[in-house]
Structures are given as C-alpha cells and as structure tokens.
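Here's the structure we're looking at; comments come further down.
All of the numbers you see were taken from the coordinates with simple rules; none came from a lab. Bear in mind the structure is a predicted one, so any value in this text is a computation, not a measurement. Because the Cβ atoms are built from the backbone with ideal geometry, glycine has one as well, and the counts that use them run over all protein chains shown.
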Amino acid sequence: MDPHPAATTQFRIVNSTAKMADALAAIQQACFPELSDGERIRAQHYRSHIRIFPEGQFAVLNSAEVPVASSTDLICRMDFDHYQHRYMEACGNNWLTTHNAAGDWLYGVDIGVHPEYRGQGLSRLLYDTRRDLIRRLNLKGHVAGGIPVGYGAVKSLMTIDDYVSKVQAAEIFDRTISVQLRRGFSIAGILYNYLEDTSCDGKAVLLVWHNPDYQES
C-alpha cells in the first residue's frame, strides 16, 4: 500500500522550467537556511541548470500548480578510489557547467522539500522519478553528497564517522541521511570538506544507488 496516497493525488512531478526559477530558489532558501550565501542555489542558477540539462531537473507542483519541492542533477564520471571533492567543484559553482553528457553516473546536486510539505512522500516521488531517468539513460546509478543535518549539533560529542555509523545502525535519526538510506542508497564514504554549512559542520556522506538494470554497452 502507498504510505503517502496524497502524494499521487494532490501533487505531480514535471521537468522544471525557467519560469519556476524564483520559486525553486525560495524552496532552496527554506530548506537550507544555514547554508552559506555563496553556496546557495539562486534563480539564475536554476535557469542555467534547465538550459544545460533540462531532462535532469524536476519540480513537484501542488494542486495550485506551485512548486513545493525540487531536485537538481547532472551527469558525471565517478572515480570511487578518489572520491573526495567539494560540492562547488562538482556542480560548477552552482551553474552545472560540469555536466558531462558522456558520463555514466547521475550526480545529485540538490533535493529539497519545502518544510510546509514534508512528510507527504514528495522526496520519494523525486527519487523514483530520478531513478526512472537513470534507467532511461542507462546510467550506472545515482551518487550524491548527502548532508547529515543533525551532525552540527552534536559534533562536540562524536566524530562524523561515529555519527554516520550510528545513523546507519538506526541509533540516530538524521532528517537527510536516514531518509536516503531508506530510499535504497548505501554509504560509500565521508566527504570531509564538502560545503559551508553549520548544520553538518561542512561534512557530507557519499551515497550511492546502483542501477539494477544497467547494461554494459
């Protein structure tokens, strides 16, 4: 049974359009208030995303056709032996200029559900739609720097490695990482200098979802 039946009746997913850019920027601001101004995605960035890789940009609209959640992705090549990187390096300083149409992994630049709409299954809709895209493009899977938003508050009590281990063991619930693990991601490592955000002390978790339908060419 669908645990969030309202998500299929009150909301719909579409590819983001340039006219949504201001609304998408407002969602970003509401979702990540502790993110540094220099790393926040703004309206002009969303317009660039839509121009560069329109197929990889999604928005969830409510019954009034207003965006209330969104996701941003690009295609990349991934070296799991040398995975340390910063968020701004990965996404071309938020312009998505690092998108590589010849790559083989979908990179999750951003996902956000407006706080007023959380708990209604919208992140699940976004992840399912992105995985449909991965299958359609025959990519190896989905990678992302998941933000452990609860770590900043407890960083004096434990290391990020200990925190992530406790989240993985379901001893701690993290609003971002715990949900992504439920979505089928696995943890491939810790990104120690990922972004400027006090909620996670600048750390991120490298998350990986493998496409079970991927076929070698």
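Annotations
- The residues packed around Val113, meaning those with a beta-carbon under 15 Å from its beta-carbon, carry a net charge of +4 if Lys and Arg are +1 and Asp and Glu are -1.
- Cleavage-rule hits (GluC sites (Glu not before Pro)) in region 29-127: DSSP loop, at most 14 neighbouring Cβ within 10 angstrom: Glu34, Glu65
- The chain: most fluctuating residue of Ser16, Ser70, Ser48 per GNM, C-alpha cutoff 10 Å: Ser48
- Spatial separation of Cα centroids for region 51-75 and region 29-43, in angstrom: 17 Å
- Highest-MSF residue in the chain out of Ser165, Ser199, Ser71 [GNM, Cα springs under 10 Å]: Ser165
- In terms of other Cβ atoms within 10 Å, His82, His99 run from fewest to most in the order His82, His99.
- Debye intensity ratio I(q)/I(0), log10, region 145-217, q values 0.12, 0.14 Å⁻¹ (C-alpha model): -0.32, -0.42
- For a modelled paramagnetic label at Ala169, 7 Å from Cα along Cα-to-Cβ, the residues of region 201-217 in reach, with backbone nitrogen under 20 Å, are 205-206.
- Placing a label point 7 Å from the Cα of Tyr192 along the Cα-to-Cβ line, the residues of region 77-94 whose backbone N sits under 16 Å from it are 82-87.
- Sparsely packed loop sites in region 119-217 (the GluC sites (Glu not before Pro) outside DSSP H, G, I, E and B with at most 12 other Cβ atoms within 10 Å) comprise Glu171, Glu216.
- If R0 equals 22 Å, the separation of the Cβ atoms of Arg42 and Arg77 corresponds to a calculated FRET efficiency of about 0.20.
- Spin-label model, Thr97 to Gln84: label points 7 Å out along the Cα-to-beta-carbon direction sit 2.6 nm apart.
- Calculated FRET efficiency for the pair Asp161/Glu65, C-beta based, R₀ 45 Å, to 0.05: 0.55
- Calculated FRET efficiency for the pair Asp22/Gln215, C-beta based, R₀ 41 Å, to 0.05: 0.55
- Reachable aspartates and glutamates, given that their alpha-carbon falls under 16 Å from the alpha-carbon of Lys203 and they are not under 8 places away in the same chain: Glu34, Glu39, Glu89, Asp110, Asp161, Asp162, Asp174
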